[in-house]
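The values are calculated or read from the model by the stated rules, or taken from the named source; none is laboratory data. Bear in mind the structure is a predicted one, so any value in this text is a computation, not a measurement. For neighbour counting, all protein chains shown are included, and Cβ atoms are generated from backbone atoms with ideal geometry for every residue, glycine included.
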Amino acid sequence: MSQVLAFQEEERYQAVLGLDPADTGTLDALIAGLHDESWRVRRASAESLRRLPSLAEVASRLVAVLGERGETGARNAAAEALVGLGDPAVGPLLRLLRHADPDQRKFAADILGQLGRRSAESALIEALEDPDLNVRVSAVEALGRVGSEAAARALESLLKEPDPLLRLAVLEALIQLHWPPPLPGVVPLLADPQLRRSAYRVMGLIPQVAATELISRGLASEVRSIREAALGALGTQASVADGALRAEIDSQARNALKRLPDAVEFVSQAFEAEDVPVRAGALVAAGALREPSLAVAVAEAAREDRLLAEVIRTLSRLGPEAGRELLGRMAELSLPARAAAAQAMLEMVDPSYVPALSALLEWAEDDLRAVAVKALGRTQSPEAVAPLVALLDEPALAGAAVRALGVLSGGCREAVLAALEKVMEGQPSPAALAAFAHAGGTTALPALRRLARAADPLLRAAALDAAMDVDPAVGLELARGALVDEAAPVRAAGARAVGRVGDTSAGTLLKRALQDEDIAVQLAAVDALGECGAAERVPELEALVGHPDGALAGRAVRALARIGIVRAEVLREAARHEDAEVVKAALQAGAVSAEGVALAVQLLSHSGWDVRATAARVLGDSGGRESLEAVRSALSAEQDALARRALSDAVERLSRR
Amino acid sequence: MGARVAPRFEDEGRPEMSAEEFRLLRDHVYSHCGILVREDMKFVMERRLWPRLEALGLRDFSMYHRYLRYDAQRRAELEAAVEALTTHETYFFREPAQLRAFSEEVLPVLQQRNAALQRLRIWSAGCSTGEEAYTLAMLLKESRRFEGWDVEVHGTDISRRVLATARRAEYGPSSLRATTPEQVSRFFEPVGTNKVRVRDEVRAWVSFGQLNLLDAEACQLVARMDAIFCRNVMIYFDIPARKRVLQAFSERLVPGGYLLLGHSENLLNLSADFELVHLRGDLVYRKPELTLKGGR
């Protein structure tokens, strides 16, 4: 029997999937499918409905299904389908929100909440005064998902309502909206056991010392559930607090926890809570207690991404004893905990850390090893030199090792230099060469001159880069030869070097590089010309503005801006480029000119949101009052949130002119 | 009170990612591989990408965006960025209850079904540095059900860097935190003082390949599988991307083949192509048997 049923179900499921959206009978068939006994068929029907051509008709039919009492499966499937329809469902649902049957009105509010469309907000605010409590609660919950400031303010006023279910829903909605209500409206709710937990969470959103005092009082409570709720509030408040309030939070939390005989155990257990704000509060509490035995629990809290910064802050407050504990137990920690612990250790390291950090280099993941490398540099111990030098041949970490050796050479230069001189006697890597130049300074120049003629082109390029760091005159001398090198990386290094010196001869020297067959050399030459202000190469740079490669075109625009010659027709050509990055470069290049401002007005209607936002910023910076109307008009039509923000700022700034 | 407050977690001395930079980077990553960084994860993205800026010597996230768009190394860097954004915990014999259920309740079924062909294929989708793929091969060895069979555990990931680690098969102590000493001595050999290497007999059953799970064409290259493990990977995708991945899994699984997800994941509202199977020790998904469609 079950086999037959399964067979029939599969047939019906396949039949739904096979329906042609263009057929006239498909809508009826899918509505019938919503009433099927199988959830798979109902689900497939609900999903297929959104592919039909007339979504307005679909929405009306679905709303009708919501009214079919006794058809729970079909009603739920219709609700799901309405959510899937998006905008076309909003109108019929707003009408349903005025239905005589409170069940229907509740359905409408629930689905509008799931749809999350701001266009339903004012109707939902009106529904807060519905005579039926269930409808009001659903409207509150929906506003928690879609509400703006107006909704939040309407919700605030409901905190005085007598019904605890409604007040609880309001508190939860305010939490969802991250909206802090006035403190006096929340305080009486702390006395109600049903509301207390949510009331504490809302209080966490209020960045005021008075709220901190109430939260701290809750922390010292003898009732465990109050302590836990207060801990959650503490975590939330710490995450929204500025510097001064944060110091107050730490101080009050410390005083409150001191009064608890089992504070460490309480905090330790709080790290196991499901609730993220409670774990955030546990971090604040651990930092306030400065208890090294909590170090591992603190580090493991980093498994929740949102707590990472607080974890690092807390670990660095726990002191060197905690750091050593973590380093010794690194292999037992989860990956996020290891990363957080390593990051925090950067602030704690001293020479005693070298062996453990060196061991970490042997087995840890590359990201973690990179932090260990950085930490080794900060130990200022000669013992750290050998492990760092050994990494100079390892591509993934060589750059980090060069920087760490640079830091290390501040405290133990002799040891660093001796180790690197030994490396230079053999076959050094480009990274070793860079580290040697950094530590050796001018004493490294003979070796750099020698390596600028090495067989390996990467070594020749690195020698030139390093020589520029040590002595620009020597660097420029080597750069002249590099510009005619047969290897592209060396020619690119030559162009970079010329750019860094900023010599007046740059335009002549870089002419050939600008037409190089290799785009990396061309890019280096374009940048270098911009840095040198080489006006004689402006025609070549202008020719590159229309180049199909966005990198070359964009950098040519920037170079021209740095030289200070950006002609209006060049700006216009750049603004027509297919690549939005080039268009933005044009806007920034012309920002202070009248042509640039006119261009920005035109680009307020560009298809890219980022271009429109950049144009708005340019106008806010450099436009006159005459631009105001265009910006206002663009703001009224703008749908993108970030572009709207830039346009609003521009309107505000232009209005003040 | 007024004014919405957004919980934040500040950090010192690092370039801040503006809302626009976040959006540009997020969209770029999304168009590359379907991984969607949620709006409230801006600071996580900032933190995880900051080491990339440091490694490349870039001053801010706009420069990083341009690097990802234009640099000759952009493809490799995009992989590094995706890897940084999706790094998740991985170690041998992770989630033991699920693995036990797989060994004790799924493997006997697969042994029986495939007895004639003596062939078994398992896909570790989003295998990261390879621990899961090798663990599955070790479970197959431990079960002693597939001696002499043609067995392959195929691990795929979008990142070439993690695949290089997977192929090297060398691991440190943190990868072994859930591995018993007996398993360590049976399946690994020591390398130096702090590392172990997976033994050749296990490696012989494991292969790796680079694959973007949203690349439907590339997924077609994967053989038909008897089981797919995709644990804690789909959490990074938005709903349309999850549906596309599940569609690919459905196509690559043999009828009756199993799909095992991470413990926090389910197919609710995502796909009707799989049926839920209640094992004694776990819940898994299964592609319905062909017999259900028989007679057509």
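The criterion of at least 2 residues that are crowded, with 20+ Cβ neighbours inside 10 Å, within 29 Å of the chain's Cα centre (by Cα) and of a type outside the set (Phe, Trp, Tyr) is met by the following helices (runs of 4 or more DSSP H) wholly inside region A:554-615: A:580-589, A:594-603.
Do the conditions hold for A:Ser605, that is, is it within 14 Å of another protein chain (Cβ to nearest Cβ) and of a type in the set (Ser, Thr, Tyr)? Break it down stepwise before answering.
On the way: within 14 Å of another protein chain (Cβ to nearest Cβ): no; of a type in the set (Ser, Thr, Tyr): yes.
Considered against the rule, which asks whether it is within 14 Å of another protein chain (Cβ to nearest Cβ) and of a type in the set (Ser, Thr, Tyr), A:Ser605 comes out as no.
If only residues of region B:74-92 that are within 10 Å of another protein chain (Cβ to nearest Cβ) and not in a helix (DSSP H, G or I) are counted, the one that is surrounded by the most Cβ atoms within 10 Å (Cβ to Cβ) is B:Thr90. Applying the criterion of being over 19 Å from the mean Cα position of the chain (by Cα) and assigned to a loop (DSSP other than H, G, I, E, B) to the residues of region B:142-176, the residue that is farthest from the other protein chains (Cβ to nearest Cβ) is B:Gly148.
Only residues that are of a type in the set (D, E, K, R) and free of Cβ contacts under 8 Å to residues at least 24 places away in the same chain were counted in region B:11-39, giving 7. Meeting the requirement of 3 or more residues that are at pLDDT below 95 and closer than 25 Å to B:Thr86 by Cβ, the helices (runs of 4 or more DSSP H) wholly within region B:194-296 are B:216-219, B:239-252. Condition first: among the aliphatic types (A, V, I, L, M) and without any contact (Cβ under 8 Å) to a residue 24 or more places away in the chain. Can you find one or more residues in region A:176-194 that meet it? Yes, region A:176-194 contains at least one residue that is among the aliphatic types (A, V, I, L, M) and without any contact (Cβ under 8 Å) to a residue 24 or more places away in the chain. B:Arg199 meets the conditions (1) closer than 30 Å to B:Val29 by Cβ; (2) touching a residue at least 12 places away in the same chain (Cβ under 8 Å); (3) not small (Gly, Ala, Ser) in every case but one. The failed one is (1). Screening region A:138-156 for residues that are of a type in the set (A, V, I, L, M, F, W, C) and within 13 Å of chain B (Cβ to nearest Cβ) and picking the one that is surrounded by the most Cβ atoms within 10 Å (Cβ to Cβ) gives A:Ala151. Screening B:Gln183 with (1) of a type in the set (S, T, N, Q); (2) more than 17 Å from B:Arg199 (Cβ to Cβ); (3) away from chain A (no Cβ under 14 Å) gives one miss only, at (2).
Considering region A:308-349, the residues that are out of contact with any Gly (no Cβ under 9 Å at 6 or more places or on another chain) and more than 30 Å from B:Thr179 (Cα to Cα) include one that is nearest to the other protein chains (Cβ to nearest Cβ), namely A:Ala309.
Based on this model, can you work out whether A:Thr236 counts as within 14 Å of another protein chain (Cβ to nearest Cβ), in contact (Cβ under 8 Å) with a residue 40 or more places away in the chain, hydroxyl-bearing (Ser, Thr, Tyr) and out of contact with any strand residue (DSSP E or B) (no Cβ under 9 Å at 6 or more places or on another chain)?
On the way: within 14 Å of another protein chain (Cβ to nearest Cβ): yes; in contact (Cβ under 8 Å) with a residue 40 or more places away in the chain: yes; hydroxyl-bearing (Ser, Thr, Tyr): yes; out of contact with any strand residue (DSSP E or B) (no Cβ under 9 Å at 6 or more places or on another chain): yes.
It is true that A:Thr236 is within 14 Å of another protein chain (Cβ to nearest Cβ), in contact (Cβ under 8 Å) with a residue 40 or more places away in the chain, hydroxyl-bearing (Ser, Thr, Tyr) and out of contact with any strand residue (DSSP E or B) (no Cβ under 9 Å at 6 or more places or on another chain).
The number of residues in region B:51-66 that are without any contact (Cβ under 8 Å) to a residue 40 or more places away in the chain and either of a type in the set (Lys, Arg) or facing chain A (nearest Cβ under 10 Å) (or both) comes to 7. Taking the conditions (1) modelled with pLDDT under 85; (2) more than 7 Å from chain A (Cβ to nearest Cβ); (3) touching a His at 6+ places or on another chain (Cβ under 8 Å) in turn, B:Pro7 satisfies each one other than (2).
Scan region B:25-50 for residues that are at the interface with chain A (Cβ under 9 Å from one of its Cβ atoms) and surrounded by fewer than 19 Cβ atoms within 10 Å (Cβ to Cβ) and the total you get is 3.
Could you list, in sequence order, the residues of region B:93-109 that are more than 14 Å from chain A (Cβ to nearest Cβ) and not in a helix (DSSP H, G or I)? Give the derivation first.
To start, the set of residues in region B:93-109 that are more than 14 Å from chain A (Cβ to nearest Cβ) comprises B:93, B:96-109.
If the condition is that a residue be more than 14 Å from chain A (Cβ to nearest Cβ) and not in a helix (DSSP H, G or I), then B:Phe93 is the only one that fits.
I'd like the full set of residues that are among the acidic types (Asp, Glu) and assigned to a helix (DSSP H, G or I), limited to region A:5-48.
Let us first name the residues in region A:5-48 that are among the acidic types (Asp, Glu), namely A:9-11, A:20, A:23, A:28, A:36-37, A:47.
A:Glu9, A:Glu10, A:Glu11, A:Asp28, A:Glu47, listed by residue number.
Residues in region A:354-368 that are surrounded by fewer than 22 Cβ atoms within 10 Å (Cβ to Cβ) and either more than 10 Å from chain B (Cβ to nearest Cβ) or outside any helix (DSSP H, G or I) (or both) were compared, and the one that is nearest to the chain's Cα centre (by Cα) is A:Glu365. A search for C-beta distances below 6 Å between a residue of region B:114-127 that is within 20 Å of B:Ser159 (Cβ to Cβ) and any residue that is aliphatic (A, V, I, L, M), counting only pairs 6+ apart in sequence or on different chains, returns B:Trp123/B:Met225; B:Trp123/B:Ile228; B:Ser124/B:Ala133; B:Ala125/B:Ile228; B:Gly126/B:Val233; B:Cys127/B:Ala133. Listed by position, the helices (runs of 4 or more DSSP H) inside region A:374-452 whose residues that are under 17 Å from A:Leu346 (Cβ atoms) and within 34 Å of the chain's Cα centre (by Cα) number at least 3 are A:395-408.
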